[in-house]
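Presented below is the structure to which this report refers.
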Amino acid sequence: METVETNILAGPRRSKMEVKIDILQAISEGAGRPTHIMYRSNLSWAVMRNFIKALEEQGLVVSSVIEGRKNYVLTQKGTRVLDTYANVRKQLESPQLVAQLV
């Protein structure tokens with residue numbers, strides 16, 4: 001049984017969007033192989049595969065086989081999504097916006 005204390009220690013869960021962004025970020029930083037993406041995104045193998053499949057269906061990543069190994073890269077659309085997310089996050093965390101809210 002999970003207690004409040006263990007839940008606090010575990011930290012907040014990521015949303016599906018945050019997991020997808022973490023995967024896109026890992027790929028953009030050079031983690032193209034599935035195991036590298038899995039470790040950098042802090043996901044289990046099965047969960048990572050499901051998210052990669054969804055990202056492929058959305059046209060954000062594509063796979064290829066290089067030297068007999070599957071490799072993933074961002075599409076232009078995937079790069080735009082990641083850039084847009086970074087810009088929105090930057091705007092929401094800007095000191096001017098925080099000052100206006102306080």
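Computed from the coordinates by the stated procedures, all read-outs in this text should not be read as laboratory data. Everything numeric in this text was worked out from a predicted model, so none of it was measured. Heads up, the Cβs are rebuilt from the backbone with ideal geometry, glycines too, and the neighbour counts pull from every protein chain shown.
A simple packing score, the average count of other Cβ atoms within 10 Å per residue, orders the peptides 60-67, 25-32 as 25-32, 60-67, with the highest score first. Working value for the range 14-101: equivalent-ellipsoid semi-axes of 28, 13, 11 Å, each the square root of 5 times a Cα gyration tensor eigenvalue, largest first. The modelled label-to-label distance between R33 and V88, using points 7 Å beyond Cα along the C-beta direction, is 3.3 nm. Amide H contacts under 5 Å for R33: Y72, restricted to partners 5 or more places along the chain or on a different chain, H placed in the peptide plane at 1.01 Å from N.
Using the Cβ-Cβ distance between K53 and E18 with R0 set to 22 Å, the FRET efficiency works out to roughly 0.80.
Each residue of the range 31-36 is assigned a 3J(HN,Hα), and the resulting list reads 7, x, 7, x, 5, 5 Hz, derived from the Karplus form 6.51 cos²θ - 1.76 cosθ + 1.60 (θ = phi - 60°), x at Gly and Pro.
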